[in-house]
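K.L.:
Dumping the structure here so I can ask a few things about it.
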Amino acid sequence: MDPATIVIRRLADGPTPPAGAATALHTKVAGVVAAMGAPPWSRRIIADERQLVTLIASPPGGGNRPHWHREFDEWWVVLAGRLQWELTGGVVLRAEKDEIVWVPRGTVHHILNVGRDVSLRLAVAMPPANHYFSPCEQCGYTDDGPRE
Ligand SMILES: [Zn+2]
């Protein structure tokens, strides 16, 4: 298997004011939540050659489609609610506000809101962040969909 590589085409030549940056300098989570409305939703917060940071809201019982990544480890900061990660090999983690979950490349992750309130998590991935959908071993979720 060939190694994955990234190309950084836009380089800074020196100290540069942040005007013109593609990403907002300051994001207020409460403002995003108010603007997005009822879950489920996801909103890209930061994107460049090396990082994709996404704010994700799920209603109670909601979650993602189980998948794994080939070329990067993914991690999340839980900002609200109570979430569960079902992982390859029978590992199950639960995390709530102010907790961080890290999952290595290759591990299927099925994330569920197991609380009574809307959950909010900030997901940190690497572009192009290809998803390889896969059934969840624990719950039998079998949505083997296309790559995104
Ligand atoms: Zn993922």
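The values are calculated or read from the model by the stated rules, or taken from the named source; none is laboratory data. Bear in mind the structure is a predicted one, so any value in this text is a computation, not a measurement. When the accessible area is computed, the model is the full protein with side chains, heavy atoms only, and any ligands, DNA or RNA have been set aside. Shrake-Rupley method; radii C 1.70, N 1.55, O 1.52, S 1.80 Å.
K.L.:
On average over all directions, what projected area in square nanometres does the chain have, based on the convex hull of its Cα atoms?
P.N.:
Numbers: hull surface 42.4 nm².
Over all viewing directions, the chain projects a mean Cα-hull area of 10.6 nm².
K.L.:
Quick query: amide H of ARG82 versus all other amide H atoms, modeled in the peptide plane; which residues come in under 5 Å with a sequence gap of 5 or more or a different chain?
P.N.:
VAL114, GLY115, ASP117
K.L.:
Measuring with a 1.4 Å probe in the full set of protein chains, what accessible area per residue, in whole Å², belongs to the chain? Could you put the intermediate results ahead of the total?
P.N.:
Working: 9100 Å² over 148 residues.
Using a 1.4 Å probe on heavy atoms only, each residue of the chain averages 62 Å².
K.L.:
May I ask you to compute the full-extension gain from ALA22 to LEU93, defined as 0.36 nm times their residue separation minus their alpha-carbon distance, rounded to one decimal in nm?
P.N.:
Contour length minus the Cα-Cα distance gives 22.1 nm.
K.L.:
In the chain, what percent of the accessible surface is made up of carbon and sulfur (1.4 Å probe, ligands and nucleic acids excluded)?
P.N.:
On the chain, the fraction of accessible area on carbon and sulfur atoms equals 55 percent.
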